[in-house]
Every structure is written in structure tokens, then in C-alpha cells.
1. I need the full set of residues from the range 629-661 which are in a loop (DSSP other than H, G, I, E, B) and surrounded by fewer than 19 Cβ atoms within 10 Å (Cβ to Cβ), in order please.
2. Would you please list the contacts, defined by Cβ atoms under 7 Å and residues six or more apart or on different chains, that run from a residue in the range 409-430 that is under 17 Å from THR461 (Cβ atoms) and among the β-branched types (Val, Ile, Thr) to a residue that is outside any strand (DSSP E or B) and open to solvent by less than 40 Å² (accessible area, probe 1.4 Å)?
3. Take SER611 and decide whether it is open to solvent by 10 Å² or more (accessible area, probe 1.4 Å), free of Cβ contacts under 8 Å to residues at least 40 places away in the same chain and among the hydroxyl-bearing types (Ser, Thr, Tyr).
4. Would you confirm, using the coordinates I've provided, whether ARG233 is within 24 Å of ILE72 (Cβ to Cβ) and either in the same structural domain as LYS158 (by the TED database) or touching a Lys or Arg at 6+ places or on another chain (Cβ under 9 Å) (or both)?
5. What about ALA210, is it outside any helix (DSSP H, G or I) and buried (at least 17 other Cβ atoms within 10 Å of the Cβ)?
6. Enumerate the pairs (first residue in the range 297-317 and closer than 26 Å to ASN268 by Cα and in contact (Cβ under 8 Å) with a residue 24 or more places away in the chain; second residue anywhere and of a type in the set (Lys, Arg) and part of a loop (DSSP other than H, G, I, E, B)) with beta-carbon separation below 7 Å, excluding pairs fewer than 6 apart on the same chain, so at least 6 apart or on different chains.
7. Just to be sure I understand the filter: pairs with C-beta atoms under 8 Å, separated by 6 or more residues or on different chains, first member in the range 55-84 and touching a residue at least 40 places away in the same chain (Cβ under 8 Å), second member of a type in the set (Val, Ile, Thr) and open to solvent by 40 Å² or more (accessible area, probe 1.4 Å). Which pairs pass?
8. Which is surrounded by fewer than 18 Cβ atoms within 10 Å (Cβ to Cβ), within 56 Å of the chain's Cα centre (by Cα) and modelled with pLDDT under 90, of GLY719, GLY744, GLY765?
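The values are calculated or read from the model by the stated rules, or taken from the named source; none is laboratory data. These numbers come from a predicted model, not from an experiment. For neighbour counting, all protein chains shown are included, and Cβ atoms are generated from backbone atoms with ideal geometry for every residue, glycine included. Only protein heavy atoms, including side chains, enter the accessible area calculation; ligands, DNA and RNA are left aside. Shrake-Rupley method; radii C 1.70, N 1.55, O 1.52, S 1.80 Å.
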Amino acid sequence: MELGRTGPACAAAALLLLLLLAAPGEAEFDPYRVLGVGRGSSQADIKKAYKRLAREWHPDKNKDPGAEDKFIQISKAYEILSNEEKRANFDRYGDAGESQGFSQHQHRQFHHFHEGFYFDESFFHFPFNSERRDTSDEKYLLHFSHYINDIVPDSFKKPYLIKITSDWCFSCIHIEPVWKEVAQELEALGVGIGVVHAGYERRLAHHLGAHSTPSILGLMNGKITFFHNAVIRENLRQFVENLLPGNLVEKITDKNYIRFLSNWKKENKPHVLLFDHMPVVPLLYKLTAFAYRDYLSFGYVYVGLRGTEELSSQYNINVYTPTMMVFKEHIDKPADVVQARDMKKQLIDDFLSQNKFLMAARLTNQRLFQELCPVKKSHRQRKHCVVLLTGEGDKFAETYEAFLTFAVANTKDVLRFAHIYNERQPEFADALLMDDEKYRGKSAVVILERRNSAGKIVYKTLEEAWQGSKEDNFILLDLLDQLRTDPGLLSSETVLADLRDELAPMFLIRWFYSTLDYILDCWDSLFHSNWREMMPLLSLLFSALFILFGTVIVQAFSDSSDTRDSPPSEKEEATTKTEKNDTNFSKESNSRVPKKGFVEVTELTDINYNSNLVRLRPGHMNVVLILSNSTKTALLQKFALEVYTFTGSSSLHFSFLSLDKHREWLEYLLEFAQDAAPIPNQYDKHFLERDYTGYVLALNGHKKYFCLFKPHRSGDEGGTVGSCEDYDSPLHTEARGKSSCSPGSRSIKNKLHKLSFWMERLLEGSLQRFYIPSWPALD
């Protein structure tokens, strides 16, 4: 009985124990408590609290051991509360609705429940829980606003390698070791690294076009490129290298180093040479060249290559130690040198940032002017610019050289030297010299200081034109010494307009490169982008093609049948007005009402042969009249009258062929015609040559067949031989001449008698067709 009594008690105790084990081991995550805001707070208050806490707990600024976890909680809380849908879900259910499979609360219960029985997921080495995953990615996590405002603009200075990951992703775990190694290696070289958690940053993942995890992509100049190869170190390094432009670094040898270094004047940049024993340009050097491409030009010398001995000897290079040299206005010796067995990014950046400009750079655009002569922010940050206003050509070479020598000897941190061409920047010169006669055709020196970004400056111009003499040097040096103690020496004041960009490419060149980039982007998207993104573009493309080909097909069928759709009465009326004979056309319904008051007849030549015959649209025919130079005028007049009533059909084209030029082509075609015997006892001016004048061929270029009209013989209808028809009608052709009623012209015109009946049968389709294997060339 005692056992019976204790049974329910034991069961109750066991159940209580299980509930205690299943109880959450930590407090429920509350985004309001994390950000320190109330449930009724506005979005502005939430954003303000997030910015304050993010600055305070950012791992780069806060060295507290728990700063990283705190920053993650702050970011997660802001993501929930900044999204109205997630915030509403949390207010109703205590969860933001982002869990995969079951809620985070249930997951914690499941996790801790199994921990009591030693079924913790870490026992099986499945790091799916976001609380236990590797924290090496945390410092690279990207948010949408951070990506748009910071990462995209920074991608114009360095490439970014971005990984898209999520929880419960087997493939993400598989690539994690390789990714961690490559990320650390590339980050040291200057590549930006980013990680996007698709579960927390769905908006950013969708913006990047990543619809599956894991995904790896590159970002360069704001352009996204997806990685599609196996995730190994070599492929990832090559992927980043392929993102960079191919013309960043020029290979330098003994043959081209003088040309390369002499381009400083044309490009208005210092030139950098790296001497190394690697056969290929190091990735670090390429990344550096991309970052400083607006300021410096880069060359690479492989010291182990034959053909670089003179270059190495010229500048006394140690072939066993990487050496970097900067050349400015003088190419015979470098302006600065650095050597190190292990070139680090920080060392290179420090070296190049001190040599971004020439000793006396030419002001070619507003950006360069603003960097050389920054706006004064405080008394200690005051910088003065000494500008030589001069002209181009040998006439001003001596004064420029004297100014350059002075600049090399007197350059300081608070003093910058520059020069400008008056002809290229006339607004700048006129504002400072005020069109003073004593400076016309001469050089002048101005000391100036920029006061604000709107163009306001204070300045002082040397009273006399700059000749580069010792006296000029002493005067300028004395003014600079006075300026150190008396800033009020710059007594004049003016507002400068922005400088023109002298080195900007022409509009057509910019348009060409923009078009090329767009085509390459489309090509890359077509083969590599996610098909879900491509569906709208493909749908639009196929719709346009369907409409285009559908229109062509409908037009082709309508053209072949519209000759039987017009009322007979309209055709007979049109025929009565244009034909001056009593012929009764019982089948006039096969023609269309003419759209013009004349017949367009073009000559068939080798130039228009393909368009007018070989590549003629399906359903179209070209009716060709054969004539010679002597019969051209008479036959064309008669031909125009006979075919005029058929010009309303858009499927018929009318041409004439010169027998004097293309006899061989015609005879080749007639070999395929049955009973195409020549007209007996009629010869043209060429003795024993058959007379084909008056023949008419209806040529179907698409189906490769023709129909033949043989001329009417004189005497078949005696009533028409001696008649002289009135051809003074409004009809005309392109080659129309004066009409003739001589017996010879009457005989020629009678060759086309009854051509209109033959045209009726042509449109009915009752004429015999002669097929050929291919159209011969028209020589």
C-alpha cells in the first residue's frame, strides 16, 4: 500500500523534474529592453536609440569582452523593431516570426531539454544554432543601410568579397574553413570582406540577388558579380583578381621605361615603379594600383627577366629586395624610394599617400584643386597654394622650369605649388589677374588660400610678371616668410568658378564605354544571374519577338490574299480611267486600286540585286522587263500602261533589266524555261544575237521560281500595228522619255500587247512556274 501511495507522488516529482529541465535557462529576448525604448516608441526614437547604442558597443571602439555579443543583440533588436511586420508579430506572439521550423523559444526549450540528457548539438558537431556558430564572421556582418551608404561607395576604391550565409545550412559549414582562411588573407591585402545573414538581412540578400545559401559574390565599382566555381583558395583569389581592370599595371622593360616615365606631363600624375623578382604582378600591387588609380600611374619591373638589366643598373636596384620608386617631374632620379623584404599594405599606403601629387602639379579639374588646396578648417590646418599662371609652348618653358626649381626647394606641409594654363582655364586666370595689361602674354605667380567650398579665396599676386630670375625668387621667398607671421598679407578676395575638367574623355568615348559596360553586364546576367531575376527581362524579350514575327507572318499571308479582297467595280473603274483601249478584263478582281498616279520602275543592278530579288520577302514578286538601250524609252512607257492597274498590290515590285549589260544572266535563267524559243527573224544590233527585248519575268526570290511572258509578234493583230496610241497620260516612270509614234516605236510597243492579261493570270496563280536551284550572280 505504501508503494501504491508513493507511486503518484513519484510520478508527480518526475513530471516536475522534467518541467524544470525543460524550462528556459535564460530570459526571453526583448528588443525593447535591449534598445531601452518603450513599446509605444516611434520609429525615430528607435532609430536614435539604435545609433547611440551601436556607436557605444561597436567592437572596433569598445574593447569590452562582451561588446561583440551586445552589438549583435542591438542589431537584431533594431532589425525587429524597424520592421513594422516583425514588430507587430513580436508584440502579439513574443516572436518576430523569423524562426525556421519552430520558434526561438521552442528551440531553446528543445536545446536545454536535450542538454539535460547530453544530447546537446555540440556533441554531434552540428553548429546550426546561431548562438554557437563561429564568431569570426560577426565583425564582417553587413546591414542594408550600411551596405548602401558605406560599402557601395567604398567599392570604387577597393573590391569586396561578400558571403551570403544562413542557419541550418550544410554547405555553409562545408566552405567555412576555406572562407575563413581566404578572408583573412585577402583582407590583409586590402580587399573588403562582408557577410550577409540571409535569415536576418532578407532585404539585403534579395537586393544582392542571392536566393540560395551559401552564395559568394564580388562587388566592384558598385557592380555585383557572382562566384560560380569550386570554393577553394586559388579560385577565390583569381575571382578577386578578375574583378580588377586589366590595364592597371603596365609591364616595364628597358625598351619602354623612358616612355612610361615621360608620360607624367601628359597624365599630370607621378609614376610608380615596383621592382620585384616575381614573374607575375602581385595581387597586393594590383589592389594598390586600383586604390590610387586617380592619382598615380603604376608600372611593374620583373627583375629576373632579360631586358631589364639597364633599368636595374640605372636606378641601382637590389634585385633580391622588392623596391618601390616614385618619379615626378624628373625621370633621371626618383623623388622617393622604399625597400622592404616583405611589402605590407600599410607600408605602401603610407609611402604613396605622401607622393600623390607632382611637385608643381597642373590644375586640370576642380577635384585636384580642392585636394591640393584644401579649405582652411582651423588656424593650425591652414594651407597656402602658390600657383603659376602661365601659357603653353616653348616660350614659357624657362619660366616654368624656374618655378619648378623653386617649388622643389621650398615645398612644405603647409605650402603647395601648382601651375595652370591660362588658355585652358580662362575664368580662373581672369578672376585673379583681372585682365591686367602687364601680365598679358607673360607668366604670373599668385599666393592663395581657400576659405570655403563655394569658391571664396583670399590671395595676393606678385606685382611683377614672373620671369624666373633670382630677384623673382627672392621676392617670392620673402612673401612666403611674411605670410607665416602675417596671414593678413593676402589682402585681395574673390570667388572662383569651378575648373574645367581638361582630361575628361569626349562624350562619344564616354558613351561608347558606358554602352560597352551595359552590354557586358547584360551578357554576364544572361549566363550567370539567377533565373528568377531574369524572368521579367526574358518575358519582355520573348513578347517583343512574338509580336514582331507575328506581325510579319500576318502581313505575309494578308499580302498574298488581299488581291482577291477588293470589289470588282472599283477595279473596273480604275482600269477604265487608265487603259486607253477596249479590252474587256473579265478577271479584274485580282488587282488592287493603284495608290499612286505613276509606276515606280527601278533598274535591277548588282547593287540592289540581293534586296530586290535574292532576299525578297516571302509572298513578294519582282516583275522584270527586259530591254536594251535602244528600246528603253518605248518599252518602259508601254510597260507602265500595262501594269499600272496592278501597282496597288504591295506584294508586287517592278524593275527593268538591261540586256546589253546582263545577257548572260538572262540566258542562264531561260535555260530552265520550257519552250522558251527566241523570236524568229528578229535580231538586235549585235549580229546573230537573240533579241530578248520585251520579255517579262515574274521572279519569286524566296521560292526560287519565275514565270515568263514572251513578246507579242507584229502582225498577230493587224488593227494595232499601224495605230498610234496616245501616251500623253499622267502616268510616268523613273526613266520616261519623250513619246514616239514612229513605225519602229509602234512595233516595239506592240511586244507588250496583252501583258495585262498575263498579269491577271500571274495573280491567279495559273501561270507555269520554272524552278531554279539558286539565283545566279548578277555581274
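1. ASN629, SER630, SER650, ASP660, LYS661
2. ILE420/LEU363; ILE420/PHE428
3. Taking the combined requirement at face value, the residue satisfies it.
4. So ARG233 does not fit the description; no.
5. Spelling it out, ALA210 is indeed outside any helix (DSSP H, G or I) and buried (at least 17 other Cβ atoms within 10 Å of the Cβ).
6. SER297/LYS269
7. Matching pairs, first to second residue: GLU68/THR135.
8. Sole residue among the options that is surrounded by fewer than 18 Cβ atoms within 10 Å (Cβ to Cβ), within 56 Å of the chain's Cα centre (by Cα) and modelled with pLDDT under 90: GLY765.
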